[in-house]
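Visitor: First the structure, then my questions, so here it is.
Just so it is clear, none of the values below were taken in a lab; they were calculated from the coordinates. If you're wondering where the values come from, they're calculated on a predicted model, not measured in any experiment. Glycine also receives a Cβ, built like all others from the backbone with ideal geometry; neighbour counts cover every protein chain displayed.
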Amino acid sequence: MEVRLNAHAAAVFHRVSKVYDGSWTRRRVVALDDVSLEIPWGEVFGIVGPNRAGKTTLIKILLTICRPTDGRIMRLECPYSDRRTLAQIGYVHENLSFPRYLTAWQVVEGYGRMSGVKGNVLRQRTGELLEQVGLADRGHERIAHFSKGMTQRLALAQALVNDPKLLVLDEPSEGMDLTARRLLRDVVRQRRDQGASVVLVSHALDDVEQLCDRVAVLCNGRLSLIGSVSELAGPTPPCGTKPTPPLPDRQQQPVVAGALETAIAPLYEGAIA
Amino acid sequence: MKRHDSPRLTAVVWLVRDTFRQSIAHGIFAVLLLVSALSIATCLSLSVDGRATLRQGNQNPDFISRNEADARDAEKLKTSGVVVADGRLTLAFGAIEVPWARDTASAVHFVQLVLAGGVADTLGLLLTLIWTAGFLPSFLEGRNISVLLAKPAPRWVLLGGKYLGVLAFVLFQSIVFVAGTWLAIGARTGFWDPTYLLAIPLLLLQFSIFFAFSVLLAVWIRSTVVCVFGSIAFWCVAWSMNFGRHIMMTAGDMVSTSVRSTYLSGVIDFGYWVLPKPADLGLLLYNALGAGDHFGSALDLGVLESHGFSMLASVLTSAAFGAFALVASARMFEATDY
């Protein structure tokens, strides 16, 4: 039977699976197994889980970087096949590397151009973003000389250049210093306040606790838990994966630092390393 | 926010610019420009002269070199009507003198052939193929490409844009080299033979076909080393099939029937039609520039044509291979998970 997906969400995954076929050099891997979840508008949505849980695969599928084996996906209220929606998405991942012969300015401007931004808007926005991430004075320097932290800040700038409706961050704080992490948190909150959605994949559970409205926990390619941070970190975390509705007024219960980590740690221990 | 109407075109334009930046950063741009600058400087320092005009219309009269003993016997020359070829070419503004048994026009033509056939077609093409072979593997590396894959432009546009970027780079360098040397030679000698400029599209055609194979390797293996050595090895195999097939075809009397009808003959014939044909493309350039007046050739177009050879079929099947390699690359790239 055809299932109608919620058309009013930033992203919808319905029974999505991804299997990497084996070959004579590698074994068959089930990266995602029947995952269904929904990311509403204006929500910061965290995806956590142990290594090889399928977190990155899930967002790569959302961004067409890899293809699902099965399931249905909607992106920005449009069918998965509509690539125009990608112009309204910003993406940062942990091992992101830009061509080393480009300058910071060329990276932000170039990637903005690829998202369809152009002219004076692009120039102005590039300047503002480099200023915002603290690279304005090094904008015309080749990024071959940049540190890992600077590259991550640059990655954040390029992800914001198209004023995205959906910001996808995969381990964005990797290599960032304290100032840059604070900047990242500010950016995430700012995007949410502007009505955009943010997907945050992170092992830094303190970031997740502070920033996310809801969190999904993936283990071995399956969705193990989903709920608000306060629910997951509470004394009786939700059982199963029945999605809880987003908080209506975003007034979260205060969460004790480290409570989320304590709550989901048993899931990590049961995962296959 | 204002959005661009054509993300595909924007992506292609950006990738072409990106390829130029890449070539500048890797030093290839400067090295090739330096080769062109040296060649142009050499042409600017060149002068040719020769009293005798050997070419009369399309006929070459009988002539002897000035080094021959009969050339000093004025009476004998007068009665025989044989012309003494006493052309002279100097380089470095007269510092280096190279005596030629040619007239001026012929000497200029010879210099152009050395530049187009030797420097650009053989050395330039091979070096450019080697140097640009690394462009695609680094572009397709997962850490670099993932953000671009999450942009609206489809994957085939990204691959095609990079391919066009490399072709635009080679076209630019070919124009600088060929047009630059043509202008320099013309300015110094007064000979402005436009057929020399045909070298630009012919060089680009050859490069585009072999670079398409390099793209296929890049998408398939994603290794610079494999792309460099694979492209060169492929060129050698294609050249061997091409040359071997023509030798078999034209030297039929010397090759026994038993050898010609063997499995090897079938393989070479199959390889010839399937693979691109570097020897034929070289022959095309060779003939377009009228090199037959100066060089002997193992492959004579007239002889080949008398054995059923068609240059058009050869060029079309070579181009078809390039197109097939590009389409296969695009399909493979489309199906690749990063």
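Visitor: What relative contact order, as a whole-number percentage, does chain A give when Cα pairs under 8 Å and 6 or more residues apart are counted?
Guide: This gives 23 percent for chain A.
Visitor: Hey, got the dipole for the range A:141-215? About the Cα centre, +1 on K and R Cβ, -1 on D and E Cβ, debye to the nearest 20?
Guide: With Lys and Arg at +1 and Asp and Glu at -1, about 180 debye.
Visitor: Among B:Leu159, B:Val147, B:Ile130, pick out the residue whose Cα is farthest towards the positive end of the charge dipole of the range B:100-171, where Lys and Arg carry +1 and Asp and Glu carry -1 on C-beta, about the Cα centre.
Guide: Result: B:Val147.
Visitor: Quick check: convex hull over the Cα atoms of chain A, volume per residue in Å³, rounded to an integer?
Guide: Convex hull volume per residue, Cα atoms: 144 Å³.
Visitor: If you place +1 on the Cβ of every Lys and Arg and -1 on the Cβ of every Asp and Glu, how big does the dipole about the Cα centre of the range A:67-120 come out, in debye to the nearest 20?
Guide: 160 debye
Visitor: Return an integer: the convex hull volume of the alpha-carbon atoms of the range B:124-213, in Å³ per residue.
Guide: Spread over its residues, the Cα hull of the range B:124-213 gives 105 Å³ apiece.
Visitor: Which order results if A:Arg52, A:Arg26 are arranged by neighbouring Cβ count within 10 Å, fewest first?
Guide: A:Arg26, A:Arg52
Visitor: Add +1 for every Lys or Arg and -1 for every Asp or Glu among the other residues with Cβ under 14 Å from the Cβ of A:Arg181, and state the total.
Guide: -3
Visitor: Kindly provide the Kirkwood hydrodynamic radius of the range A:54-100 in Å, to one decimal, from all pairs of distinct alpha carbon atoms.
Guide: 11.9 Å
Visitor: Compare A:Thr126, A:Thr56, A:Thr69 in a GNM of chain A, Cα atoms joined below 10 Å, and give the one with the largest fluctuation.
Guide: Sorting by GNM fluctuation, first place goes to A:Thr69.
Visitor: Counting only DSSP beta bridges with both residues in chain A, what percent are antiparallel, rounded to the nearest 5?
Guide: Close to 55 percent.
Visitor: Can you compute the FRET efficiency between B:Ile130 and A:Val121 using 1/(1 + (r/R0)^6), with r the Cβ-Cβ distance and R0 = 41 Å? Round to the nearest 0.05.
Guide: Efficiency at R0 = 41 Å is approximately 0.50.
Visitor: Could you please rank B:Trp235, B:Trp273, placing first whichever residue has the fewest other Cβ atoms within 10 Å of its Cβ?
Guide: Placing the least packed residue first, the sequence is B:Trp273, B:Trp235.
Visitor: Stokes-Einstein at 10 °C, 1.306 mPa s, Kirkwood radius from Cα pairs: D for the range A:1-148 in µm² s⁻¹?
Guide: My calculation gives 89 µm²/s for D.
Visitor: So, one more: Three principal axis extents, largest first, for the C-alpha atoms of the range B:98-143, in Å?
Guide: On the principal axes, the range B:98-143 reaches 60, 15, 10 Å in Cα extent.
Visitor: Per 10 Å bin, what is the whole-percent P(r) computed from every C-alpha pair distance within the range A:1-86?
Guide: Calculated P(r), rounded to whole percents: 17, 49, 27, 7, 1.
Visitor: Please enumerate, by chain and number, the aspartates and glutamates with C-alpha under 18 Å from the C-alpha of A:Lys118, excluding those fewer than 8 residues away in the same chain.
Guide: Leaving aside aspartates and glutamates fewer than 8 places away in the same chain, those within reach of A:Lys118 are A:Glu109, A:Glu128, A:Asp163, B:Asp5, B:Asp18.
Visitor: Over 17 Å apart: what share of the alpha carbon pairs of the range B:171-259 falls there, rounded to a whole percent?
Guide: 67 percent
Visitor: OK, next. When Rg is the radius of gyration of the Cα atoms in the range A:152-224 and Rh is its Kirkwood radius, what does Rg/Rh come to?
Guide: 0.96
Visitor: Taking neighbour Cβ counts within 10 Å as the exposure measure, how do B:Asp18, A:Asp70 sort from fewest upward?
Guide: Ranked by crowding around the Cβ, least crowded first: A:Asp70, B:Asp18.
Visitor: Provide the gained length on full extension for the span B:Leu33 to B:Val13, in nm with one decimal, where the gain is 0.36 nm per separating residue minus the Cα-Cα distance.
Guide: Roughly 5.0 nm would be gained on extension.
Visitor: Further, regarding this structure: So, with +1 on the Cβ of K and R and -1 on the Cβ of D and E, and no other charges, what is the size of the charge dipole of the range A:1-119 about its Cα centre, to the nearest 20 debye?
Guide: 440 debye
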